[in-house]
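Student: Before we start, here is the structure in question, set down as structure tokens.
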């Protein structure tokens, strides 16, 4: 698994490190099937918008599943929740990894994002779940759901 800095398109580089998770790394469109995206520090305002842009770029590149490591993030504001919703609307399956007892705000809950994302407290468990799905070849069938 090589770690790379996701370029986020030509217009705005992103500071979120991304690495491939799948042993079958290329999908039919030539992109990664699944990636790990790590966020450190606060995820508000401009950084939340950067996350939204990074998720959109990943979707445009053909990524289908994103394990989003938020263990170093204390909370999400409404703009961060909106960024996640945008990624979901673009077809990404998002697996959130958060600290035990992470505080999801009312906006996050009100948009049903807890049901639309898979929430984990263990990074390795989330990665194993995604790898199992990708390696089993269920990717195309689940994309239709």
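The values are calculated or read from the model by the stated rules, or taken from the named source; none is laboratory data. Every value quoted in this text rests on a predicted model; they were computed, and no experiment measured them. Quick reminder, even Gly has a Cβ in these numbers, built from the backbone with ideal geometry, and neighbours come from all protein chains shown.
Student: How many residues, within the stretch 1-59, are touching a helix residue (DSSP H, G or I) at 6+ places or on another chain (Cβ under 6 Å) and either on the phi > 0 side of the Ramachandran plot or at pLDDT 70 or above (or both)?
Tutor: 11
Student: Could you list all residues from the stretch 90-106 that are without any contact (Cβ under 8 Å) to a residue 40 or more places away in the chain and under 20 Å from residue 54 (Cβ atoms)?
Tutor: Correct list: 90, 92, 94, 95, 96, 97, 98.
Student: Restricting attention to the stretch 76-122, report how many residues are touching a strand residue (DSSP E or B) at 6+ places or on another chain (Cβ under 6 Å), surrounded by fewer than 16 Cβ atoms within 10 Å (Cβ to Cβ) and assigned to a loop (DSSP other than H, G, I, E, B).
Tutor: Selection size over the stretch 76-122: 1.
Student: Kindly provide the set of residues from the stretch 62-75 that are on the phi < 0 side of the Ramachandran plot, surrounded by fewer than 17 Cβ atoms within 10 Å (Cβ to Cβ) and in a loop (DSSP other than H, G, I, E, B), ordered by number.
Tutor: Within the stretch 62-75, 74 is the sole residue that qualifies.
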